[in-house]
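The values are calculated or read from the model by the stated rules, or taken from the named source; none is laboratory data. This structure is a prediction, so every number in the text was calculated from the model and none was measured. Positions of Cβ are backbone-derived with ideal geometry, glycine not excepted, and every protein chain shown enters the neighbour counts. Note: areas computed on protein heavy atoms with side chains; ligands, DNA, RNA excluded. Shrake-Rupley method; radii C 1.70, N 1.55, O 1.52, S 1.80 Å.
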Amino acid sequence: MQSNRKTAFILATLDTKGPEALYIKNKLLSLGIDAIVMDLGIYGEPLTKPDISREELLKELSIPPGEFLAKRRSGEIRRDEAIRIMGIAAGRY
């Protein structure tokens, strides 16, 4: 039997906005809406546990997560490029 519950995807940079994403998720759940948090963070470790990690997203593009983060931190991948890559990965997931 199919559920009539709605589902919201919360795309957030959990390395900087983890508590905010968790707040939104809990608010949605309290309203009877399922919520799935995707981590699009491009800097540090997530401040909140995601339902879908940035590692899972990067695998959609066959990009090794460790390599991506190292290149981002060194400046080899610019911030705008990293954001674009994470957006594409989220769209493909």
(message) Just the residues that are more than 28 Å from Lys6 (Cβ to Cβ) and of a type in the set (Ser, Thr, Tyr), please, taken from segment 39-85.
(response) Tyr43, Ser62, Ser74
(message) Being at pLDDT 95 or above, closer than 20 Å to Tyr93 by Cα and not charged (D, E, K, R) is true for just one of Ile10, Ile24. Which residue is that?
(response) Ile10
(message) Name the residue that is nearest to Gly75 (Cα to Cα), counting only residues in segment 6-24 that are open to solvent by less than 40 Å² (accessible area, probe 1.4 Å) and not in a strand (DSSP E or B).
(response) Asp15
(request) Could you check how many residues of segment 34-68 are over 12 Å from the mean Cα position of the chain (by Cα) and among the charged types (D, E, K, R)? (result) 4
(message) Return the pair list, or none, for Cβ contacts closer than 6 Å from residues in segment 26-48 that are closer than 24 Å to Asp80 by Cβ to residues that are assigned to a loop (DSSP other than H, G, I, E, B) and at pLDDT 95 or above, at least 6 apart or on different chains.
(response) Val37/Pro50; Val37/Asp51; Asp39/Pro46; Asp39/Pro50; Asp39/Ser53; Leu40/Thr13; Gly41/Thr13
(message) What are the pairs with Cβ atoms under 6 angstrom where one residue, in segment 74-93, is modelled with pLDDT under 95 and the other, located anywhere, is open to solvent by 30 Å² or more (accessible area, probe 1.4 Å)? Sequence gap at least six, or different chains.
(response) Arg92/Glu60; Tyr93/Glu60
(message) Here's a check for you: in segment 1-25, which residue that is under 12 Å from the mean Cα position of the chain (by Cα) and charged (D, E, K, R) is farthest from Ile85 (Cα to Cα)?
(response) Lys17
(message) Exactly one of these conditions fails for Ile36: (1) under 22 Å from Arg5 (Cβ atoms); (2) touching a Phe, Trp or Tyr at 6+ places or on another chain (Cβ under 6 Å); (3) part of a helix (DSSP H, G or I). Give me its number.
(response) (3)
